[in-house]
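Working notes, beginning with the structure itself.
The values are calculated or read from the model by the stated rules, or taken from the named source; none is laboratory data. Predicted model only: the values in this text are computed from it and were never measured. Backbone-built Cβ (ideal geometry, glycine too); neighbour counts: all protein chains shown.
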Amino acid sequence: THEQLLLETLQRDERRVRWIESKAKLAGKKKDEASSTDLNGPVTSGLLYGSGEYFVRLGLGTPARSLFMVVDTGSDLPWLQCQPCKSCYKQADPIFDPRNSSSFQRIPCLSPLCKALEVHSCSGSRGATSRCSYQVAYGDGSFSVGDFSSDLFTLGTGSKAMSVAFGCGFDNEGLFAGAAGLLGLGAGKLSFPSQIFASSTNSSTANSFSYCLVDRSNPMTRSSSSLIFGVAAIPSTAALSPLLKNPKLDTFYYAAMIGVSVGGAQLPISLKSLQLSQSGSGGVIIDSGTSVTRFPTSVYATIRDAFRNATINLPSAPRYSLFDTCYNFSGKASVDVPALVLHFENGADLQLPPTNYLIPINTAGSFCLAFAPTSMELGIIGNIQQQSFRIGFDLQKSHLAFAPQQC
């Protein structure tokens, strides 16, 4: 049911946020050419497969096998399940078997790519033929372990194949659902965009990508949108704001967020509580893998209280899971709710449609404000709030782009 799917999504979401928090705390403690039309893949909601994330359809290997992978701006290394599998979770497609791909290669341990991994080990004989093994682990105990490899990836029909290094996982355990693995879209060196842009000889304007996430207000929707790389990724109508870098944590995309408005009134939120500090703490990231937007407790309380004051005449409902502001809209054909806008530098405003901040939690007419507090200093703009916007990342010019209804 919709309610069961939502509960599972929120439980996985909490675990992901804890993983992001642990990654942020560790900041500073660790160490083929294609045109834009070549790289354009469909993005679909993972709800049908028991996931609160979004999936992209891509081809892998020679001949290409079609697979779903999670669109994840909060991680770098792409990885997926591979045969022969020691431990694999259930996925929508047959598990990729590298023995059936003529272009599959294992990356040797002496390769600079292997040394760029956060965690790696060497197996087999010593020297040039020693194979590189990878391991990725998440805050909820989920992990993937296997051979660090390379093969040809394709996005969209007729697109040019590109060689990309990825984790071929033979032992994958935890709260993964439906997809074959994660397509890491972060800002680190081993992420999918970093690899394809590094090997591209296109002009600097091609170092951009964007996605548009379909509206999940109907949990059975089968509509899809696109993940685009290259010069066509950023619409000309998009609002632009600085894309910030954390020198101590290169994975996350930080937004220059400066405020929030409810019902047309900008709230008294301290700019410092939204800013990335020189020490690498705080700030607000854009994350496609987190569902519910989180803000530090004081920021969240200001937003929630203003929203409650503006909806005092609407019938309330009991809190639900991590949501503490809920309403009973049963029997109502329509409801007027206050506008909610996220403000960013350069006058870029994310004017959220009501479906992006008031979400149904059951079929009985209960809706909740889809924001939550976090005890950490880091804010996260999740995928519920990103729905029906094209979100773009211009990595050359350091721009974050928003364009409504470009899906």
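Every condition in (1) modelled with pLDDT under 90; (2) closer than 27 Å to Thr251 by Cα; (3) not aromatic (Phe, Trp, Tyr) is met by Ser125 except one, and the failing one is (2).
Picking from residues in the stretch 156-176 that are touching an Asp or Glu at 6+ places or on another chain (Cβ under 8 Å) and either among the hydrophobic types (A, V, I, L, M, F, W, C) or assigned by TED's automatic domain parsing to the domain that holds Asp287 (or both), the one that is modelled with the lowest pLDDT is Leu175.
When Pro315 is tested against the conditions (1) touching a strand residue (DSSP E or B) at 6+ places or on another chain (Cβ under 6 Å); (2) surrounded by 18 or more Cβ atoms within 10 Å (Cβ to Cβ); (3) more than 25 Å from Leu243 (Cβ to Cβ), the lone failure is (2).
Kindly establish whether Thr237 is β-branched (Val, Ile, Thr), modelled with pLDDT of 80 or more and surrounded by fewer than 18 Cβ atoms within 10 Å (Cβ to Cβ). Spell out the reasoning first.
On the way: β-branched (Val, Ile, Thr): yes; modelled with pLDDT of 80 or more: yes; surrounded by fewer than 18 Cβ atoms within 10 Å (Cβ to Cβ): yes.
Yes: the conditions hold for Thr237.
Just to be sure before I move on: is Tyr327 more than 27 Å from Thr73 (Cα to Cα) and not small (Gly, Ala, Ser) in the structure I sent? In short, yes. Within the stretch 353-377, the set of residues being outside any strand (DSSP E or B), touching a Leu at 6+ places or on another chain (Cβ under 9 Å) and within 21 Å of Glu53 (Cβ to Cβ) comprises Asn356, Tyr357, Ile361, Ala370. Filtering the stretch 86-113 to residues that are farther than 14 Å from Val145 by Cα, outside any loop (DSSP other than H, G, I, E, B) and of a type outside the set (D, E, K, R) leaves Gln91, Phe96, Pro98, Asn100, Gln105, Pro108, Pro112, Leu113. Just one of the listed residues (Ala64, Ala92) is more than 21 Å from Ala161 (Cα to Cα), in contact with a strand residue (DSSP E or B) (Cβ under 9 Å, 6 or more places away or on another chain) and either at pLDDT below 90 or in the same structural domain as Val164 (by TED's automatic domain parsing) (or both), and it is Ala92.
Just a yes or no: is a residue in the stretch 293-309 assigned to a loop (DSSP other than H, G, I, E, B), closer than 22 Å to Ser388 by Cβ and not assigned by TED's automatic domain parsing to the domain that holds Phe55?
Initial filter on the stretch 293-309 (assigned to a loop (DSSP other than H, G, I, E, B)): none.
There is no residue in the stretch 293-309 that is assigned to a loop (DSSP other than H, G, I, E, B), closer than 22 Å to Ser388 by Cβ and not assigned by TED's automatic domain parsing to the domain that holds Phe55.
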